1. Would you point out which residue out of A:49, A:110 is aliphatic (A, V, I, L, M) and on the phi > 0 side of the Ramachandran plot?
2. Does any residue of segment A:131-147 turn out to be within 14 Å of another protein chain (Cβ to nearest Cβ), open to solvent by 10 Å² or more (accessible area, probe 1.4 Å) and touching a residue at least 12 places away in the same chain (Cβ under 8 Å)?
3. Looking only at residues in segment A:290-306 that are assigned to a strand (DSSP E or B) and under 16 Å from the mean Cα position of the chain (by Cα), which one is farthest from residue A:221 (Cα to Cα)?
4. Does any residue of segment A:171-191 turn out to be within 14 Å of another protein chain (Cβ to nearest Cβ) and touching a residue at least 60 places away in the same chain (Cβ under 8 Å)?
5. Kindly establish whether residue A:329 is surrounded by 21 or more Cβ atoms within 10 Å (Cβ to Cβ) and assigned to a helix (DSSP H, G or I).
6. Return the total of residues in segment A:246-284 being free of Cβ contacts under 8 Å to residues at least 24 places away in the same chain and either part of a loop (DSSP other than H, G, I, E, B) or more than 9 Å from every other protein chain (Cβ to nearest Cβ) (or both).
7. Within segment B:48-63, track down each residue that is over 12 Å from residue B:13 (Cα atoms) and either assigned to a loop (DSSP other than H, G, I, E, B) or within 9 Å of chain A (Cβ to nearest Cβ) (or both).
8. (1) of a type outside the set (Val, Ile, Thr); (2) touching a strand residue (DSSP E or B) at 6+ places or on another chain (Cβ under 9 Å); (3) in contact (Cβ under 8 Å) with a residue 12 or more places away in the chain; (4) buried (at least 17 other Cβ atoms within 10 Å of the Cβ): which one isn't true of residue A:287, the others all being true?
Amino acid sequence: MTDQYDIVIIGCGVIGSSIAYHLSEYKQKRILVIDKGFPLSGTSGSTQAWVWVHNKVPSWYGELSMYSAELYPFLERKIGDVEYKRTGGIAPFFAQTDWDKALRLAEEQAEVGIKVEVLTRDQVLEKEPALSPKIAGATYSDMDGNVNPFRLVELYIKAAKRNEVEFSFYNPVTEMVMEKDHYKIYTKNKKDAITTERVILAGGPWSKEIGELLGLDIPVKQVRGQVIITEPLAPFLKHTIGGMRQAENGEVLIGFSKEEVGYDRRTTMDVIQETAQMAINYIPSLAKANIVRSFSGVRVIPEDGFPILGKIPDKKNAYIAAMHSGVTLSPLVGTLMAELVMVGETSICLKRYSLKRFMNYA
Amino acid sequence: MDKSTIVCRCEEINVDEIEGAIRLGASTFDDIKRLTRCGMGPCQSKICMNLVRELIATNLGVSISEIPPPRMRMPLKITRLGILAGKTSSSNVVSVFDEASLEAGERQND
């Protein structure tokens, strides 16, 4: 580790490591990625890792997810097998009154080219026979799928390392000083400052704390999600279901909870029990499945729900990428942020996602 | 132990894979777990816990007492999903009356 870089990325989750890899493809810059922990010890390692498109609304946000999902097969050819599977996604509903909502969703998503079908009970059960006959119907899209987040982040890092990106783990950033044309970054494990021309904040749920080092107010919330995991079962779920999926090794991951409890990552009995109940409501035969463990993760959600992407206003050469659904958006965000830093403009307009939108009424 | 010795029986992870993760910078059991799946299987690291801690200690040249154990996850012991949901009575909960009837030769389950 030298002391001078062109670009320093703070955060090595699925977003930070993707940006690092995509930047490294240009093979022009000296890049360092710093993380306070070890890869996958935070949000990116505690997710069901759906690559989920079909009910991301409004449609302009869905569109972003769609482009990202489309990049996955291409990404896999470049960095290796990340176990991406485009399974198709089913979001079941139980009430007849949800039909209207489902039809409106299909209509809205059609505007940007996301094909969402509204299926009757019989049509759903034909696709996924394990689902409960009590469901009323479901929305379905063949764009949806899932990925192995552990493989994804590991392969981003390995590919970036091949392109000479450096990484520093277990090394929290303690101070950042903006000087005339560069940043000085102080970390826990290094006495001297690291100097860099550009800095990219990719701290996920910890964006707030990192932003404060630059005197910024990054408007994000922390949201806890709890997930339970069965022992490996014979393959029986073909699709990614809104709420659960079956991994390649047969385990079923179940969970769809949201709690605002800060950085508390404990699992709690009440949510685990509700999650178990949801699993049985969706798939009655799961009652007999054995649960091996549970885990929870702290996810980040920007105050208005949409990604914060792009240059940081009023700060020279500083960028931010903070969003929910990082796994879905990772290949696209990596590509766009690399374009922004290297070329100065992006192939998809990011104006809507600027941090500026929060500053106008601050 | 040679390189191909299995450390984690549930996920069939060998010494070489553990050391590969350590070379990547992993320094705790949980780091290794996320990279290799070691300890994620049905036994939930009951078998591999100390073997892995020993490997970390040896490879990094530190005392095993400095390597924390993996994070334990609810429900600690394999449990039916239906029981977690509260629909089925748990076979693990035994009252003294059940104990008595067991002694009398009755079967507790089924």
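The values are calculated or read from the model by the stated rules, or taken from the named source; none is laboratory data. Keep in mind that this is a model prediction, so the values were computed, not measured. FYI the Cβ positions are ideal-geometry reconstructions off the backbone, even for glycines, and counts take in every protein chain you see. SASA here: full protein model, heavy atoms, side chains in, ligands and nucleic acids out. Shrake-Rupley method; radii C 1.70, N 1.55, O 1.52, S 1.80 Å.
1. Details: A:110 fails: on the phi > 0 side of the Ramachandran plot.
Exactly one residue qualifies, and that residue is A:49.
2. Looking for residues that are within 14 Å of another protein chain (Cβ to nearest Cβ), open to solvent by 10 Å² or more (accessible area, probe 1.4 Å) and touching a residue at least 12 places away in the same chain (Cβ under 8 Å), one finds none in segment A:131-147, hence no.
3. Step one: of segment A:290-306, the residues assigned to a strand (DSSP E or B) are A:290-302.
Keeping just the survivors that are under 16 Å from the mean Cα position of the chain (by Cα) gives A:296-302.
Working: A:296: 16, A:297: 13, A:298: 10, A:299: 8, A:300: 6, A:301: 5, A:302: 6 Å.
Here the answer is A:296.
4. Going residue by residue through segment A:171-191, those that are within 14 Å of another protein chain (Cβ to nearest Cβ) are A:171, A:189.
Filter again for touching a residue at least 60 places away in the same chain (Cβ under 8 Å), leaving A:171.
There is at least one residue in segment A:171-191 that is within 14 Å of another protein chain (Cβ to nearest Cβ) and touching a residue at least 60 places away in the same chain (Cβ under 8 Å).
5. Values: surrounded by 21 or more Cβ atoms within 10 Å (Cβ to Cβ): yes; assigned to a helix (DSSP H, G or I): yes.
When the stated conditions are applied, residue A:329 passes them.
6. 4
7. Going through segment B:48-63, the residues over 12 Å from residue B:13 (Cα atoms) turn out to be B:49-50, B:53-63.
Result: B:61, B:62, B:63.
8. Unmet for residue A:287, out of (1) of a type outside the set (Val, Ile, Thr); (2) touching a strand residue (DSSP E or B) at 6+ places or on another chain (Cβ under 9 Å); (3) in contact (Cβ under 8 Å) with a residue 12 or more places away in the chain; (4) buried (at least 17 other Cβ atoms within 10 Å of the Cβ): (3).
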